[in-house]
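The values are calculated or read from the model by the stated rules, or taken from the named source; none is laboratory data. Because the structure is predicted, anything quoted here is derived from the model rather than measured. Ideal geometry is used to build each Cβ from the backbone, glycine not excepted, and the neighbour counts take in all protein chains shown.
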Amino acid sequence: MYHSITFLPNESIIDTYEDATKYSKYTKNTYDSWLLIPTKRPSVAPAAPKNRTVDVPGMNGVADFSTALTGYPLYQNRTGSWTFMIDHWDDNYHDNWVKIYSEVMDWLQGKKDYICILEDDQSWYYKGKFTVSGFDSGDKYSTITISYELYPYKRAAYISDGRWLWDPFDFEEGVIQSNYTRTISVNSTGWQDVFFDLGNQEEWYCVFGSEPVIPVITIHYALGDTTAIKYSSTSLNKREYVLSVNETETDVDVEDYHIVLGGACIERFIEPIINYTRHGLIKGDVDNDGIITANDASLVKAEYLRIMNGLEPTFNELEFECADLDDNGELTIDDVTGVQELYVHNSSIDTRNSTFRIQARGHIVFSLNFRPGRL
């Protein structure tokens, strides 16, 4: 397909069409439809961040308010262009070129919210506006330039329920990027946590994406006046927002701007700090219960004070090995503060949910669905 680009008039087609044989009438491909060959491999320009700074008198540097309103970075639209050429392949070239030029103009020129999928990045699509910004007719070949202004985030182009964009999909190297759907069933008079079992940052990017998105919450079943969904996110400064669910609201979709997944929820993902001794024990875990707790910090502090007061140490060899964080053979104030810092750091992390939390109460069955996006 010669590093081609596929254009669609809107993104809803990806989710709604059922018959792949009917799909072609909704798409145009730069090579299959127009015989256009790019002068270089097409790519999309990076999105520039929106920087908001204030030069405050009497202050070194500037005050940066770029993320003050949202808690996460904002970006400009992506802008750039692609140049294609068409060979003078036969005597009818002039007629063919005029026809192709008109077709490209009719399909793309100034249309809003069109989407494009690059052959070299088929798992994602970009949305925006395209214009024919230049053309040149030469003796050996002619060129046409298509400019674009695109939304800063690209979004998952393929969904895993059978409705795939068959024409541009590469079955050897393509990746099926799924919408994320999670169905939750809660039967509790109090708040019950809804955990996302994701243990590392790479999985967060894969599932949630780096674009802040508002999920579609589909209420399948609800019973009782107290049925509700509660959401909070420390990174987005959204604290304990409660979405009340009426028992008559069944099989309905709800999109609430207070509930945001992705974006800053993963940018502030914190890994627990775990180091091991030469015997395979966790450094700082003096009582050897598998985690660093306040008890470990108290034990190390008490042992340090005992030694400082000239009393006999009480730690055995393995306990001392866990307490001696810097492996210098002595128990010092640095070891005491180090264990305290490890306890504070690791105890502040909920590895099940990281920086956002969803809870529900009552008798309710609902699902979360959204399309991940990333830069």
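Before moving on, here are some points about what is shown:
- Of all the residues in the stretch 175-192, those that are under 19 Å from A156 (Cβ atoms) and either modelled with pLDDT of 85 or more or basic (K, R) (or both) number 1.
- Selection of the stretch 293-346 for residues being more than 39 Å from the chain's Cα centre (by Cα), β-branched (V, I, T) and part of a loop (DSSP other than H, G, I, E, B) yields T314, T332.
- From L236, L243, residue being modelled with pLDDT of 75 or more, of a type in the set (A, V, I, L, M, F, W, C), surrounded by 14 or more Cβ atoms within 10 Å (Cβ to Cβ) and assigned by TED's automatic domain parsing to the domain that holds H363: L243
- Residue, surrounded by the fewest Cβ atoms within 10 Å (Cβ to Cβ), within the stretch 200-226, restricted to residues that are at pLDDT 80 or above and acidic (D, E): D225
- Condition met for F196 (surrounded by 17 or more Cβ atoms within 10 Å (Cβ to Cβ), out of contact with any strand residue (DSSP E or B) (no Cβ under 7 Å at 6 or more places or on another chain), modelled with pLDDT under 85 and of a type in the set (F, W, Y)): yes
- Criterion violated by S123 - all others in (1) modelled with pLDDT of 85 or more; (2) under 20 Å from the mean Cα position of the chain (by Cα) satisfied: (1)
- Residues of the stretch 328-356 that turn out to be surrounded by fewer than 20 Cβ atoms within 10 Å (Cβ to Cβ), more than 19 Å from L305 (Cα to Cα) and modelled with pLDDT of 85 or more, as a count: 0
- Test result for S43, assigned to a strand (DSSP E or B), outside the structural domain of I214 (by TED's automatic domain parsing) and either at pLDDT 85 or above or among the β-branched types (V, I, T) (or both): no
- Close pairs from the stretch 354-369: first under 19 Å from S233 (Cβ atoms), partner among the basic types (K, R) and at pLDDT 85 or above, Cβ under 6 Å, at least 6 apart: Q359/K230
- Counting only residues that are under 21 Å from I100 (Cβ atoms) and either modelled with pLDDT under 85 or among the aromatic types (F, W, Y) (or both), the stretch 1-26 holds 6 of them.
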